[in-house]
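Accompanying notes for the structure given below.
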Amino acid sequence: MPGAPVRPPGQPGHGRRPARGGRLPRRGDGRTNERRWLTMALTVVYAADTGHVVGALALTGASTGVGSGAPPEVADLVGSALPLRVSLGDGRMATLPLSARELAVASVDDEPAALAEPLAFGVEVTTDGKPKPALVRLASWPDNIALATDGLTLTVKVAVARPDARGRPGVPTSKNTHVLAGEIPAQQTQVTLPVTLVAGSEHGVLVLAAGWAGQLRTEKVT
């Protein structure tokens, strides 16, 4: 992956900040009493259609204010695709790649939790399509994913106002990854995305439902 790697969910790595508050003092040039400040700038990669943050990168630089510079291009951070990985047990790993064409990049306000749990956050955009500087913490919905031989069923806690859902069940090799898309009808709580799978098989599943925290997990076909 070219450039500084983005840390996606499900992949260990560094990225925690060494100090609270996001600013570290830096000595001046020794000839004056000048004191400069370093600031932590958070850059996120997010799904362009649902807004989910799928990777985050903390950069340190001279304090210039959030959003003062243009964020890097997606390809500079992830290459052609961002691989999200989840363990299937017994040393097996499922890789679910997100194409760079489906992703966007934003420079946002400091949010340390986004480094540890990127899928718990989302990016909102303005009416002219520009990312807002503050990330949004998305509502959680555990244990509401069912994988069957004929489809992936998603059930949210309450009826959705904005009908939109994206499901991505997959298996360890990218050539066998199924990319599914559908809508949760307005005022409904459930949608089934059709896919044919083998009973008893295990799969890595990435689910991005607009307005709800992303899910990256292992599911067994029932």
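In table form, for the structure just shown:
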{"read-out": "Among (1) within 14 Å of the chain's Cα centre (by Cα); (2) closer than 19 Å to Asp49 by Cα - the single one Glu111 does not satisfy", "value": "(2)"}
{"read-out": "Subset of the stretch 109-124 (residues that are outside any loop (DSSP other than H, G, I, E, B), surrounded by 15 or more Cβ atoms within 10 Å (Cβ to Cβ) and not aromatic (Phe, Trp, Tyr))", "value": "Ala114, Leu115, Pro118, Leu119, Ala120, Gly122"}
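Read-outs: derived from the displayed coordinates by stated rules, not from any lab. Just so we're clear, the structure is a prediction, and the values are computed from it rather than from any experiment. All Cβ positions, even for glycine, are placed from backbone atoms using ideal geometry, and neighbour counts span all protein chains on display.
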